Amino acid sequence: MYYCSMKKLIIIFLLSIPLISNSQVTFTEIPTSILEVKSSSIDFSDIDSDGDQDLLITGSGGSSWGNTVLYENISGIFYPISGTPFDSVGVSNGYVVFGDVDNDGDEDLLLAGDSMGQNTITKLYINDGGDFYLRPTPIFAAGNACIVLSDMDNDNY
Ligand SMILES: [Ca+2]
Ligand SMILES: [Ca+2]
Ligand SMILES: [Ca+2]
């Protein structure tokens with residue numbers, strides 16, 4: 001978890017170096033209706049291949065021990081998508097990462113953490129044209145996890 005957090009901070013820092021030196025660039029906070037959570041994890045990916053980055057967020061918040069909500073980016077505004085197979089797999093203290101694990105061009109999802117404050121899970125969801133389907137995986141269940149997807153055998157996925 002610490003490694004992943006530091007890795008993200010380092011990447012954000014490195015990406016922001018040219019921006020810091022460019023006085024023309026400013027960031028403006030925009031109000032959103034994205035779920036407010038703690039013990040969270042997020043990842044952006046173009047899950048519907050329309051050219052913009054969509055969002056998945058997990059964490060505890062509201063009246064739930066855990067939430068797993070996918071948002072579709074429509075013209076820069078994020079709208080929650082209901083009916084996903086992970087709606088009921090509310091995760092906190094976890095980690096989410098998108099990656100094309102089956103090399104079909106769609107971004108798939110690996111999700112790990114504490115589900116609804118009860119049990120620890122790791123689940124793989126295959127993306128087929130923007131619809132996700134649970135695929136059984138032998139990957140062990142992990143809470144407070146850090147996930148990295150990589151092409152270890154150099155077969156391009
Ligand atoms: Ca998109
Ligand atoms: Ca895929
Ligand atoms: Ca591979």
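Looking at the stretch 70-82, can you tell me whether even one residue there is free of Cβ contacts under 8 Å to residues at least 60 places away in the same chain, touching a Gly at 6+ places or on another chain (Cβ under 9 Å) and surrounded by 20 or more Cβ atoms within 10 Å (Cβ to Cβ)? Checking the stretch 70-82: not a single residue is free of Cβ contacts under 8 Å to residues at least 60 places away in the same chain, touching a Gly at 6+ places or on another chain (Cβ under 9 Å) and surrounded by 20 or more Cβ atoms within 10 Å (Cβ to Cβ).
Among residues of the stretch 44-69 that are more than 16 Å from G99 (Cα to Cα), those with a Cβ under 6 angstrom from a residue that is within 16 Å of ligand 2 (Cβ to nearest atom) and β-branched (V, I, T), sequence gap 6+ or separate chain, pair up as T58/V96. Which numbered condition trips up P31, out of (1) closer than 22 Å to Y125 by Cα; (2) more than 17 Å from the chain's Cα centre (by Cα); (3) more than 11 Å from ligand 1 (Cβ to nearest atom)? So the condition that P31 fails would be (1).
Scan the stretch 60-100 for residues that are part of a strand (DSSP E or B) and closer than 25 Å to S150 by Cβ and jot them down. Before the answer, list the steps.
Start the filter on the stretch 60-100 by keeping residues that are part of a strand (DSSP E or B), which leaves 60-61, 64-74, 77-81, 91-99.
Residues satisfying the conditions are T68, L70, V91, N93, G94, Y95, V96, V97, F98, G99.
Which residues, counting only those in the stretch 102-121, are away from ligand 1 (no atom under 16 Å from the Cβ) and closer than 12 Å to S45 by Cβ? Listed by number, the list holds a single entry, L110.
Taking (1) within 30 Å of T28 (Cα to Cα); (2) touching a strand residue (DSSP E or B) at 6+ places or on another chain (Cβ under 8 Å) in turn, S75 satisfies each apart from (2).
If you take the residues of the stretch 62-92 that are among the polar types (S, T, N, Q) and under 13 Å from the mean Cα position of the chain (by Cα), which of them is farthest from L35 (Cα to Cα)? First the steps, then the outcome.
Here is the first cut: in the stretch 62-92, the ones among the polar types (S, T, N, Q) are 63-64, 67-68, 73, 75, 82, 84, 88, 92.
Now restrict to residues that are under 13 Å from the mean Cα position of the chain (by Cα): 67-68, 92.
Numbers: N67: 9, T68: 10, S92: 13 Å.
Among them, the one singled out is S92.
Here's the yes/no breakdown for (1) within 16 Å of ligand 3 (Cβ to nearest atom); (2) at pLDDT below 90; (3) among the β-branched types (V, I, T); (4) crowded, with 22+ Cβ neighbours inside 10 Å:
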| site | (1), (2), (3), (4) |
| --- | --- |
| L56 | no, no, no, yes |
| G62 | no, yes, no, no |
| T68 | no, no, yes, yes |
| V91 | no, no, yes, yes |
| D104 | yes, no, no, no |
| D114 | no, no, no, yes |
| T120 | no, no, yes, no |
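With D52, D106, D131, D48 as the choices, which residue is within 12 Å of ligand 2 (Cβ to nearest atom) and touching an Asp or Glu at 6+ places or on another chain (Cβ under 9 Å)?
D106
Among the residues making up the stretch 83-103, those that are among the hydroxyl-bearing types (S, T, Y) and in contact (Cβ under 8 Å) with a residue 24 or more places away in the chain are T84, S92, Y95.
The values are calculated or read from the model by the stated rules, or taken from the named source; none is laboratory data. Predicted model only: the values in this text are computed from it and were never measured. Methodologically, a virtual Cβ is constructed for each residue, glycine included, from the backbone with ideal geometry; neighbour enumeration extends over all protein chains shown.
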